[in-house]
1. Placing a label point 7 Å from Cα toward Cβ, how far apart in nm is A:Q89 from its equivalents in the other copies, listed shortest first to one decimal?
2. Just from its helices, what would the mean residue ellipticity at 222 nm be for chain B, if runs of 4 or more DSSP H residues each count -39500 (n - 2.57) and the sum is divided by every residue, rounded to the nearest 500 deg cm²/dmol?
3. Along the axis that rotates chain A into chain B, which residue of chain A has the nearest beta-carbon, and what is the gap in whole Å?
4. Using label points projected 7 Å from each Cα along Cα→Cβ, tell me how many nm separate B:K67 and A:R109, to one decimal.
5. Would you please classify the overall shape of the range B:32-101 from the alpha carbon gyration tensor, given that a ≥ b ≥ c denote the square roots of the eigenvalues, rounded means a/c under 1.5, and beyond that prolate means a/b larger than b/c while oblate covers the rest?
6. For the range A:1-145, what does the relative contact order come out to in percent, with C-alpha contacts under 8 Å and a separation of six or more?
7. Which cross-chain or sequence-distant (5 or more) residues have an amide H under 5 Å from the amide H of B:R20, H modelled 1.01 Å from N in plane?
8. Placing a label point 7 Å from Cα toward Cβ, how far apart in nm is B:N34 from its equivalents in the other copies, listed shortest first to one decimal?
Protein chains: 2
Amino acid sequence: MQKYNDSTYAILGILTTNCRSGYEIKQFIDNSLNHFWKISYGQIYPTLKRLEEEGLATVQTLVQEGKPERKEYFLTEKGKDVLKNWLEQPLTQLPVERNEVLLKLFFGRHQTKEQSLYLLADYKQKLEKLYQTYEGIEEGISRHNTNHQDAKYWLFTLDYGKRVTEAAIAWCEATIKEL
Amino acid sequence: MQKYNDSTYAILGILTTNCRSGYEIKQFIDNSLNHFWKISYGQIYPTLKRLEEEGLATVQTLVQEGKPERKEYFLTEKGKDVLKNWLEQPLTQLPVERNEVLLKLFFGRHQTKEQSLYLLADYKQKLEKLYQTYEGIEEGISRHNTNHQDAKYWLFTLDYGKRVTEAAIAWCEATIKEL
DNA sequence: TCACCTTATATCTTTTTGATATATATTATT
DNA sequence: AATAATATATATCAAAAAGATATAAGGTGA
């Protein structure tokens, strides 16, 4: 069987919700997947094209008045199978993080203490804001989508974001003290 | 002043330690930066070339017998300035994570409960192994490099890794229970 | 001694990102 | 009312980064 990258599977998964066009998929990603999987248009459009070429999805082109034309994609049985199959595989690699703060702190010897402290305080503040964002989304889901079939799983991923962010905030505090 | 990306600054920083060639830099990254900043050869070599072209570093080519020739890079004053200047700037973006497990769990509705449980158990196990790796590196630094000027900062970044990993492990446990 | 693995160095291809393009609709400002 | 700015909707393209492959030598085990 052909091999696809994880972003392709993410798009397959999103097509099981009612997002059909590249634009809609991008919206969905930005709203729901953003904290653990970002995808740009430059990936989405070529991927959709490939899905169609390889029979994992079908397209329908809609000519809309006043708007650019819109291509709607629908999963085929084969597409659903490929998604299911991927879901069954255990993960191949641990998550990768790129952390600019750690990178700067790593070379902290070339900074003054004040600079390092400022760096950490600023980071902490941004993390706290992020945490609040998570809480907001969580509340939104709990309020409006409680009976959505996917809601349960969405909340799990948010909980992950909250816990990890919380740990990072605690690290900031501890490191500020130790500096 | 020219703009550079963060990997360039990472390489500038590494050149302040005694790593001089592309190969050595890669080793250093894999050993010390890996958990928050991965860089491939495909970035390192072009970056070194550019550093030289723009006067941030100088090169010396050594012909070695029995081995490919080796280019050694040395930071110039300008290079040191550019690094210092970057260290002073606050962070521009929060760290980005790509988490395959969350991606799969997000589409958990298409899985059986057993599959999700297995996914989480497997993830948890990998995280625990990672945690142990951090502890190992931490011990190594504490034992051999306590008086290295950079050691303190290296330990901070490791502490971050440990705390965040710990939080992720706790999330696995909680989610397994809730499923 | 041959096959395989590791070290050391570097390049090339594919993926991904980030920026730009186009066209219309809507809202805000002078 | 005219103009400007912003948002929606769609898509492509150039540049950066990751991952795979290349080369050359040395070491190791059967």
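Each value in this text was obtained by applying a stated rule to the coordinates, not by laboratory testing. Bear in mind the structure is a predicted one, so any value in this text is a computation, not a measurement. Glycine also receives a Cβ, built like all others from the backbone with ideal geometry; neighbour counts cover every protein chain displayed.
1. 3.7
2. On the way: 7 runs with 109 residues, N = 179.
For chain B, the value works out to -20000 deg cm²/dmol.
3. A:A167, 2
4. Label at B:K67, label at A:R109, 2.3 nm between them.
5. oblate
6. Dividing the mean separation by the residue count of the range A:1-145 yields 18 percent.
7. B:I25
8. In nanometres, ordered from closest: 3.3.
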